[in-house]
Structure formats: C-alpha cells, structure tokens
Amino acid sequence: MASRIAPRLVLTMFTHSRCQLCVTAKEALEIVRQRVPFEMKEVDIRQPGNEKWFEEYKFDVPVIHANDEFLLWHRVNVDDTVAKLQEIIKNAAREPSDKDDDL
C-alpha cells in the first residue's frame, strides 16, 4: 500500500516595491503559514519579463495565487485564507496523482 505524500502548496504573491498593501499582506500570510505550511514566491510585476503580470494586475496588487490558481487579492483575511488553503490541500489529496496512472 503506497503512502500519500502531503500535497505541495506554493503561494505566489504578485507585488511591486511601492505596494504598502503588499507589506500588510505578507505579514498576514506569515500568520497563515503558522497554521498551513506553504512555500512563498514573489513576482515583482514591474521587473523586465513580467509584463504579462503588470498588464493583468497593475491596479490590483497584491494578488495571491495558490499552486498557479488565483486565490485572493488586495487584503488577506487570515481565517478565510486558512480555510481556502485547507480546502485546496483536501481537494489535491483526493485527486489521483500522475504516478497512480503508471501503476
């Protein structure tokens, strides 16, 4: 019987250097991380190569994606975000992995 590995959770914050809401969001996400572990990546939408994200989110940062899917924007409510991330993990654990197809 194969054991299931806990689903990997990666949050991506789309931000830029002059975003005060992003500072507040990061602080809230650190509280969330104490309850639901995740990796965090940041994408500065004003950096070269991120033009797609600049056009998409220039008026909306911070924007947070979880595993490359939109999660939230502007403000992070800790309890709501914890609930959403727990739901993502629960749903990911139900989905068969690609490795199951190889058996």
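The values are calculated or read from the model by the stated rules, or taken from the named source; none is laboratory data. All of these numbers come straight from a predicted model, not from anything done at the bench. As a convention, Cβ positions derive from the backbone with ideal geometry for all residues, glycine included, and neighbour counts pool all protein chains shown. Surface areas here come from the heavy atoms of the whole protein model, side chains and all, with no ligands, DNA or RNA. Shrake-Rupley method; radii C 1.70, N 1.55, O 1.52, S 1.80 Å.
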Here are several values of volume of the Cα convex hull per residue in Å³: (i) 507; (ii) 100; (iii) 111. Which one was derived from the coordinates shown? (iii)
Listed residues Phe59, Phe54, Phe38 arranged by accessible area, highest first, probe 1.4 Å: Phe59, Phe54, Phe38
For a quick check of understanding: with a 1.4 angstrom probe and all protein chains in place, what accessible area in square angstrom does Ile64 have, to the nearest ten? 0
Using a Cα-Cα cut-off of under 21 Å, which lysines could be cross-linked to Lys26, ignoring same-chain neighbours fewer than 8 residues away? Lys41, Lys58, Lys84
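Top to bottom by accessible area (1.4 Å), largest first, where do Glu95, Glu87 land?
Working: Glu95 115, Glu87 80 Å².
From most accessible down to least: Glu95, Glu87.
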With label points set 7 Å from each Cα along the Cα-to-Cβ direction at Ala83 and Arg8, the distance between them in nm comes to 2.9
Over the chain: helical MRE at 222 nm, DSSP H runs n ≥ 4 each giving -39500 (n - 2.57), nearest 500: -13000 deg cm²/dmol
Rounded to the nearest percent, how much of the accessible area of the chain (1.4 Å probe, protein heavy atoms only) is carbon and sulfur? 50
Non-local residues with an amide H under 5 Å from the amide H of Leu71, with H modelled 1.01 Å from N and Pro and chain starts lacking one, are Ile64, His65, Ala66
May I ask you to compute the full-extension gain from Arg46 to Phe70, defined as 0.36 nm times their residue separation minus their alpha-carbon distance, rounded to one decimal in nm? 6.7 nm
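About its Cα centre, how strong a charge dipole does the chain have in debye, to the nearest 20, once Lys and Arg get +1 and Asp and Glu get -1 at the Cβ?
Values: 15 positive and 19 negative charges, 76 e Å.
The calculated dipole for the chain is roughly 360 debye.
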Excluding ligands, DNA and RNA, what is the solvent-accessible area per residue of the stretch 32-84 at a probe of 1.4 Å, expressed in Å²? 67
